[in-house]
Amino acid sequence: MQPIKNTLQRYFGFSTFRNHQEAIVKHIIAGNDAMVLMPTGGGKSICYQLPALLLDGMTIVVSPLIALMKDQVDALKMNGIAADYLNSSQSSSRQAEVMAEISEGRLKLLYVAPEKLFGGENGGFLSSLEQYKIALVAIDEAHCVSQWGHDFRPEYLQLSRLKKVFPAVPTIALTATADSLTQKDIADKLALNSPKWFVSSFNRENINYTIAPKMHSREKLLAFLDDYKEESGIIYTLSRNATESLAEFLQEHDFKALPYHAGLEREVKERHQEDFIKDKVKIIVATIAFGMGIDKSNVRFVVHMDLPKNIESYYQETGRAGRDGLPSKALLFYSRGDVMKMERFVEVDNNAAFSNVMLKKLKQMSVFCETNTCRRQYLLQYFDEQAPDTCGNCDVCLGTFEEKDITRQAQMLFSAIVRLKERFGASYLIDFLRGSKSSKIKAEQRQVKTFGVGKDYSKDVWSFYVRELMNAGYIRSQEGTYPTLSLEPKAWEALKAQQPIVIKERVAETETNIHQTEYEYDLFMDLKALRYRMASEENVPPYIIASDAALVEIATYLPITNQALKQMAGFGEMKVEKYGKAFCNTVNGYLKQNQIESRIHLKKSKTSKKRSGTVSTISDTFKETLSLYKSGLSIPEIAAKRSLSPNTIENHLARCIGAGSLKLNDFVDNKKQNAIEAAIKEVGMEKLSPIKELLDDNISYFEIRAVLENKRALA
Ligand code: ADP
Ligand code: ZN
């Protein structure tokens, strides 16, 4: 094995690189500078930690997140890597210990806060480092150097001095900020030496984006949380009061939740954050004061009870979910009312230019919530990244739409617009249609025939109709401080010809199953409990002993020897030595109790398998279903045996048909195949439900899926 891969496996327990990790590591150990742009959870740490191990001398890691340093260093030590940190929170005797480690050349990585680096006399601590062999300088959260970024820190400006003191030492700057203005600024401010840029996609595939109407949001939240009983999550609210009242509300409903906001006592804040990081409470209800410096990898959901100010904040906050790469959810409750409320928040007195920028960003945020196209596409395009039309993992892509005739409602609106002489905006018109008692509505207008004709529909429903009619080109909003609505020719034509006006309304969203990957769920829970006990004993966050992703792997492949455990992502030599026995014992106990066997042999075959052409290869779990099926078991029997739903088993079988391991004709007769084919011709093969709608009830989803898989394989 190459030394780079070997070191990755030995210390970090990973067998392959992610994103541009490998190229970056090679670039750095060859002595060059690099700018690394990778989304949260992309795997930035490896980009400097691995070179640190491969190069001679000590690597300096500059990070503003003092609260995080201890966890980062603990995680490194856990992998058998000599690391330590220096910041102002430490006692002077502790700092002296670290200084001793440095002077004795015992450290591979030193984490240091900027104020520590530049503090002190005679050129400060930085100058004192000159006498040692410095291998690499890494600047984490590098966007803090830019005024354009959302988290500017003046002390970061001094970082350009690093290049002066260590001109020959390679420097790597890393950030998850996607905004291009900030990115360019970073390289300049740090005075990097013609750095190579490594830009990864900012797409967070494993995060599902969902927007729900804000009505009855607390009830909806409870229903949502029901699926996440054992999981960690962050819920953002706008106000401090709301964090406390919502946390209380959740506690009353038996959820372990704590509030967090800038107004709480420091000890309280620290305790709540600590309890969350250590899995002692599952849910933090917070204002945006919470999150910076949270490295917890097993956050399964982020909920926004109120509208964020802009896409940047939203993306950063939702990005805290699913760092470990497992399926995670970002849910936002949206209402038009919030937009108006936020307009007041983002406006800054006496600064029209700034206010306009902020209002524009807010507008983009609301468009995102109102869009009927793929959410992910919108987000990625916002950050100047190309994206396909559908992602298959947002509420729009997963949702089903129903056509709805709103001719009558449209006529009411058109009529109101005309009668009020196209001089009013959407919210006034909606109040007018709903017969609002507000004094805003002029007395003479109350006499107009259309006043109050739309009172049967709520404000939100009306806003939705207005938006849809606007998108469909019936009405138009004039630009300006007071955007007024007017009719387009298309509306006049529709009125004249008495054409029906039909829009698409999203009905129930198909729930994504958070436990999509198939693994032994009970064992996973046992492993979590084991991890929790170990972490409490050592007083470290559970996720640095093993990530949720690692536990899922164990619960999938069921390793019972240290050798087998080494094949699980995140188990390097040190961890296997230290925790191997306990994990293997737990797995072993589970196997005995359930009379099943280790599936580690499936893991081996995984790496040697490659997807080729359009013929899909089938994964291990499908193979298992296939062999049970071939042994004569029925679908319900296989489902029971594998503790999976019959639906999942049907999916497996459909995939096996696609891969050519089973014959379509054995499952779907010719007549049905023809009917399904005909439906596909009409509505395409992207989504199942429109096809199903066209067909008789006696044709099942499974049969449709089987035909689709077969077609895809032939395509
Ligand atoms: P970032 O700093 O970019 O947010 P991290 O460096 O914290 O990301 O990595 C995110 C997660 O991905 C961690 O749980 C880490 O262990 C895991 N990870 C990083 N590189 C790899 C890899 N090559 N293979 C598997 N997991 C990885
Ligand atoms: Zn999508």
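The values are calculated or read from the model by the stated rules, or taken from the named source; none is laboratory data. Quantities reported herein were computed from a predicted structural model and do not represent experimental measurements. Methodologically, a virtual Cβ is constructed for each residue, glycine included, from the backbone with ideal geometry; neighbour enumeration extends over all protein chains shown. SASA here: full protein model, heavy atoms, side chains in, ligands and nucleic acids out. Shrake-Rupley method; radii C 1.70, N 1.55, O 1.52, S 1.80 Å.
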So if I take the centroid of the Cα atoms in segment 204-279 and the same for segment 406-472, what is the distance between those two points in Å? 37
Over the chain, with every protein chain in place, what whole percent of the accessible area is carbon and sulfur at 1.4 Å, could you tell me? 50
If the cut-off is a Cα-Cα distance under 13 Å, which aspartates and glutamates reach Lys189, setting aside same-chain residues fewer than 8 apart in sequence? Glu155
If R₀ is 45 angstrom, what is the calculated FRET efficiency for the pair Ala529 and Ser89, using the beta carbon separation as r and rounding to 0.05? 0.90
Rounded to the nearest 10 Å², the 1.4 Å probe accessible area of Glu577 is 150
Met99 versus Arg161, label points 7 Å from Cα toward the beta carbon: distance in nm? 1.7
With label points built 7 Å along Cα→Cβ from the Cα atoms of Tyr521 and Lys440, find their separation and express it in nm. 4.7
Work out, step by step, the length gained on full extension between Gln131 and Lys184: first 0.36 nm times the residue separation, then minus their alpha carbon distance; give nm to one decimal. 15.9 nm
Gyration tensor on Cα atoms of the chain, a ≥ b ≥ c root eigenvalues, a/c under 1.5 rounded, else prolate if a/b beats b/c, else oblate, says oblate
Could you work out the helix-only [θ] at 222 nm for the chain, with each DSSP H run of four or more residues adding -39,500 (n - 2.57) and the total divided by the number of residues, to the nearest 500 deg cm²/dmol? -14000 deg cm²/dmol
Whole-angstrom gap from segment 634-711 to segment 62-88, using each part's C-alpha centre: 52
Mean separation of Cα pairs under 8 Å and 6+ residues apart, divided by the residue count of segment 119-203: what relative contact order is that in percent? 33
Asn193-Arg18 FRET efficiency (beta carbon distance; Förster radius 35 Å; 0.05 resolution): 0.85
Show me 211-220, 544-553, 349-358 ranked by packing, highest mean number of other Cβ atoms within 10 Å first. 544-553, 211-220, 349-358
From Cα pairs below 8 angstrom and at least 6 apart in sequence, can you work out the relative contact order of the chain, rounded to a whole percent? 11
Any chance you could check the Cα centroid distance between segment 281-300 and segment 6-21 for me, in angstrom? 27
Given Lys26/Lys196; Lys133/Lys163; Lys504/Lys692; Lys296/Lys575; Lys363/Lys440, which pairs have Cα atoms separated by over 22 Å? Lys363/Lys440
Mind running the shape call on segment 239-344? Use the C-alpha gyration tensor, a ≥ b ≥ c as the square roots of the eigenvalues: rounded below 1.5 for a/c, prolate if a/b tops b/c, oblate otherwise. oblate
Past the 26 Å Cα-Cα mark, which pairs from Lys77/Lys581; Lys269/Lys581; Lys70/Lys229; Lys566/Lys623? Lys269/Lys581; Lys70/Lys229
Taking 0.36 nm per residue of separation between Asn241 and Asp226 and subtracting their Cα-Cα distance, the length gained on full extension comes to 3.0 nm
Run the numbers for Glu505 and Glu205: contour at 0.36 nm per residue of separation, minus the present Cα-Cα distance, in nm. 105.4 nm
What is the distance, in nm, between label points placed 7 Å from the Cα along the Cα-to-Cβ direction at Ala582 and at Ser689? 4.5
As a test, work out the antiparallel percent of DSSP beta bridges whose residues both lie in the chain, rounded to the nearest 5. 15
Sum of side-chain charges, Gly572 neighbourhood, beta-carbon under 11 Å (Lys, Arg +1; Asp, Glu -1): +2
In Å², nearest 10: area of Glu343 left accessible to a 1.4 Å probe: 70
Quick check for you: with a 1.4 Å probe and neighbouring chains kept, what is the accessible area per residue of the chain, in Å²? 47
